[in-house]
Amino acid sequence: MTYFYRLARTKQDEEQILKMNYETFVEEIPQHIPNENRRLKDQFHNSNTYILCMKDSKVIGMLAVRSIRPFSLDKKIGPIEEKLPNPPRYPVEIRLLSIEARYRTGRPFLGMLQALVNWCLKAGYDAAVISGTVRELKLYRQLGFEPFAEPTGTAEATFIPMILTQETYETSVAGRIAKPILNFLPGPTTTSETVQKALGTDSISHRSPAYSRLLLAVQEQLKVLTAASHVQVLQGTGTLANDVVAAQLQRIPGKGLILNNGEFGARLCDHASRFGLQFDSMERAWGDLFDMEEIEAELDSNRYSWIWFVHCETSTGVLNDLETIRDLCLARSVRIAADCASSLGTVPINLEGIDFASSVSGKGLGSFSGLALVFHEQNIQPDPGIPRYLDLGNYTVSEGIPYTQSSNLLYALEKAVLALTCDPENHFVTIRKRSETLRTSIEGMGYQVLGQGMSASPGILTLILNEEESAHQLGEDLFLNGYRTHYESKYLRERNWLQLATMNEMSDDEINRFLTVLKCLTSFNREQSREFSIYN
């Protein structure tokens with residue numbers, strides 16, 4: 001039997017909430033006066049966020065979350081902070097916790113609590129308070145709630161003020177058996193225990209021989225992985241790496257050509273504009289591929305001395321043809337720059353002959369964000385016309401350490417790259433199989449997934465939702481169920497797209513559970529949409 005969790009949004013949801021509210025807090029717990037309609041609307045109904053537990057299309061459990069002060073509990077016992085030795089900074093109140101009696105000892109109750117915890121952590125709340133009914137005190141304690149004040153209410157309906165924090169939840173019975181959130185984000189990515197442990201290693205000076213050896217080891221591993229001639233490690237993100245590349249392109253006489261078929265291709269144009277580079281842009285619709293014959297014709301015009309493009313366009317999951325573009329450029333002595341932020345570590349990459357390539361320590365490499373990588377074909381000399389931090393030559397003449405660097409981030413990156421280079425073939429095959437499993441099932445649910453065949457990155461799947469569906473709502477509900485997907489970026493919200501990154505480690509069972517939940521949510525949302533259309 002499959003249960004899933006979602007936020008209440010529709011009139012149908014409201015009807016089931018009012019009915020369940022009446023059954024629980026009038027008929028079962030005599031807290032309110034009976035009425036003929038057998039419906040009960042909470043006094044804070046319009047400011048409540050309702051989390052629902054579903055079985056098929058029926059609501060079998062609910063709870064309301066509210067952050068607006070005063071809480072109903074404040075009105076009963078005074079400000080809750082006065083009763084707590086360590087008051088939370090950002091509390092919410094849980095009310096109307098209700099579940100059908102036959103489901104109270106099973107997974108639905110625990111799942112609804114985990115959905116609540118997921119929602120609170122995502123929203124930035126650090127504690128939840130509740131008026132727990134005395135008759136369910138043992139259950140509340142198993143869920144991680146702890147009393148913090150004297151009981152309130154009447155003899156027929158007695159309640160105990162209780163609080164749930166992340167710490168009390170994680171140490172409770174419910175927290176110990178809860179499944180961790182499965183990460184489908186393209187960043188930050190999931191890190192292994194080995195990488196996490198390396199980050200916590202005692203820091204060492206970036207001027208020490210030990211740091212120099214560590215950096216050299218990381219550089220050698222990255223060169224083995226990519227066949228690049230050189231690589232520099234900077235403190236920063238992929239944006240910094242692309243600024244460094246732009247500064248080098250500025251030194252090349254002549255005009256450039258930038259390929260733009262997504263958000264990050266557009267950002268390359270922005271980098272170039274900010275550096276005052278002379279360039280033309282070849283634009284295609286998001287998700288479309290470039291015509292290699294058209295690129296060849298442009299290069300044959302002899303108008304361009306360099307080309308800059310994104311290898312894996314993160315915003316769509318489409319792979320641009322690095323190998324063919326490289327061959328076209330090398331045959332015409334055109335310099336080449338590539339943004340490989342989302343391709344390094346997710347697909348095999350050969351950077352031989354590529355003048356400049358940018359990437360990052362997170363994403364496909366599986367380490368923590370915070371290190372920018374710039375690969376380059378030739379030795380680069382310092383240029384006093386480039387800001388110091390962006391001058392790639394400063395790194396090459398300083399053996400990669402011109403300024404302060406973090407040994408902790410470098411230790412973590414070393415472990416991540418070492419694990420990948422031990423068996424890269426199996427690593428890439430695993431990602432592709434994972435991607436194919438997800439794509440086949442998701443397309444079977446009626447979604448269109450951008451990119452096909454070898455032009456589709458196995459590391460990122462982009463789901464195009466139907467007009468009547470909301471990617472943002474689906475992403476929010478998936479998060480309640482323990483799945484972190486990519487849907488909040490502005491460029492995804494504008495297009496109603498949701499993305500799944502498969503570069504994170506996950507088991508077949510975890511993928512199958514995710515697909516089951518996705519199918520449940522999809523089927524329910526589409527059925528609700530059809531009913532609404534018929535009703536109107």
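Computed from the coordinates by the stated procedures, all read-outs in this text should not be read as laboratory data. From a predicted model like this one, the values you see are computed outputs, not experimental measurements. Virtual Cβ from ideal backbone geometry, glycine too; neighbours counted across all protein chains shown.
I want the antiparallel fraction of DSSP beta bridges within the chain, as a percent rounded to 5.
Details: 50 of 74 bridges.
Antiparallel bridges make up about 70 percent of those DSSP assigns within the chain.
Just to be sure I understand the model, the point goes 7 Å from the Cα along the line to the Cβ. What's the resulting K433 to E494 distance in nm?
In this crude label model, K433 to E494 measures out at 3.9 nm.
Which of the aspartates and glutamates could a cross-linker bridge to K76, judged by Cα under 12 Å and excluding same-chain residues fewer than eight apart?
Cα-Cα hits under 12 Å: E150.
So which aspartates and glutamates can K197 reach, going by Cα to Cα under 13 Å and dropping same-chain residues fewer than 8 places off?
Within the straight-line limit of under 13 Å, K197 reaches these aspartates and glutamates: E414.
Can you list residues whose amide H is under 5 Å from S281's amide H, if they're 5+ apart or on another chain and H is modeled 1.01 Å from N?
I258
So what J values fall out for the stretch 182-194 if you push phi through Karplus, 6.51 cos²θ - 1.76 cosθ + 1.60 with θ = phi - 60°, rounded to Hz, Gly and Pro as x?
8, 9, 10, 7, x, x, x, 8, 6, 10, 6, 4, 5
Using the Karplus equation 6.51 cos²θ - 1.76 cosθ + 1.60 (θ = phi - 60°), what ³J(HN,Hα) coupling, rounded to whole Hz, does each residue of the stretch 13-19 give in order, writing x for Gly and Pro?
Here the 3J(HN,Hα) series is 4, 4, 4, 5, 5, 4, 5 Hz.
Which residues in the stretch 449-481 have a backbone N closer than 13 Å to a point placed 7 Å from the Cα of E510 along the Cα-to-Cβ line?
none
Below 8 Å between Cα atoms, with a sequence gap of 6+, how large is the relative contact order for the stretch 193-422 in percent? Could you put the intermediate results ahead of the total?
Working: 439 pairs, mean separation 69.0, N = 230.
Over the stretch 193-422, the number comes to 30 percent.
Students often forget the sequence filter, so: which lysines lie under 18 Å Cα-Cα from K138 once same-chain residues fewer than 8 apart are removed?
none
Karplus couplings for the stretch 512-529 from phi (6.51 cos²θ - 1.76 cosθ + 1.60, θ = phi - 60°), rounded to Hz, Gly and Pro as x?
5, 5, 4, 5, 5, 5, 4, 5, 4, 5, 5, 4, 5, 4, 5, 5, 4, 5
So how do 206-212, 468-474, 264-270 stack up, highest first, on mean other-Cβ count within 10 Å? Write out the running numbers ahead of the final one.
Values: 206-212: 13.7, 468-474: 17.4, 264-270: 19.6.
So the peptides 206-212, 468-474, 264-270, ranked by packing, come out 264-270, 468-474, 206-212.
Amide H neighbours of G132 under 5 Å, counting only residues 5+ apart in sequence or on other chains, H built in-plane at 1.01 Å?
Those lying under 5 Å, H to H, from G132 are I160, M162.
Students often check this: by mean Cβ neighbours within 10 Å, which of 8-18, 452-462 ranks highest, and how do the rest follow?
In descending order of packing, they fall as 452-462, 8-18.
Going by amide H atoms built from the backbone, whose H comes under 5 Å of the H on I307, apart from near neighbours?
Here the answer is L257, R335, I336, A337, since their amide H atoms fall under 5 Å of that of I307.
Roughly how tilted is helix 107-123, in degrees to the nearest 10 and between 0 and 90, from the longest Cα axis of the chain?
Taking the Cα atoms of the chain, the angle to 107-123 is about 50 degrees.
Can you give the extra length, in nm with one decimal, that the chain gains between N466 and K58 once fully stretched, where that is 0.36 nm per residue apart less the Cα-Cα distance? Could the numbers behind the result be given before it?
On the way: separation 408, 0.36 × 408 = 146.88 nm, distance 2.36 nm.
Result: 144.5 nm gained on full extension.
Going down the table (K83/K122; K363/K415; K55/K179), which pairs top 22 Å between alpha carbons?
On the way: K83/K122 26 Å; K363/K415 14 Å; K55/K179 20 Å.
Among K83/K122; K363/K415; K55/K179, the Cα-Cα distance tops 22 Å for K83/K122.
Order these peptides, 110-118, 134-142, by their mean beta-carbon neighbour count within 10 angstrom, highest first. The partial results should precede the final answer.
On the way: 110-118: 23.2, 134-142: 14.8.
Ranked by mean Cβ neighbours within 10 Å, highest first: 110-118, 134-142.
Would you please give the FRET efficiency between T440 and E81, computed as 1/(1 + (r/R0)^6) with r the Cβ-Cβ distance and R0 = 41 Å, to the nearest 0.05? Numbers along the way, then the final one.
Values: r = 52 Å, r/R0 = 1.28.
Approximately 0.20, to the nearest 0.05.
What is the mean projected area of the alpha carbon convex hull for the chain, to one decimal in square nanometres? Walk me through the intermediate numbers first.
Details: hull surface 114.7 nm².
For the Cα atoms of the chain, the hull's average projected area reads 28.7 nm².
Find how much the distance from I252 to A217 grows on full extension, using 0.36 nm per residue of separation minus their present alpha carbon separation; answer in nm with one decimal. Walk me through the intermediate numbers first.
Values: separation 35, 0.36 × 35 = 12.60 nm, distance 3.10 nm.
Roughly 9.5 nm would be gained on extension.
Per DSSP H run of at least 4 residues, take -39500 (n - 2.57); add these up for the chain, divide by its residues and hand me the 222 nm value, nearest 500 deg cm²/dmol. Can you show the working numbers first?
Details: 18 runs with 205 residues, N = 536.
For the chain, the value works out to -11500 deg cm²/dmol.
Assuming 0.36 nm per residue, please report the length gained on full extension of the stretch E193 to E150 beyond their Cα-Cα distance. Don't skip to the end; give the middle numbers.
Values: separation 43, 0.36 × 43 = 15.48 nm, distance 4.28 nm.
Full-extension gain reported as 11.2 nm.
How far apart, in nm, are two points set 7 Å out from the Cα along the Cα-to-Cβ line at Q448 and at R9?
That separation, rounded to one decimal, is 2.0 nm.
Under a point spin-label approximation (7 Å from Cα along Cα-to-Cβ), what is the E28-S72 distance to one decimal in nm?
It works out to 1.4 nm between the two label points.
So if we plug the beta-carbon distance of N302 and Q378 into 1/(1 + (r/R0)^6) with R0 = 22 Å, what FRET efficiency do we get, rounded to 0.05? Working shown, then result.
Working: r = 22 Å, r/R0 = 1.01.
The value I calculate is 0.50.
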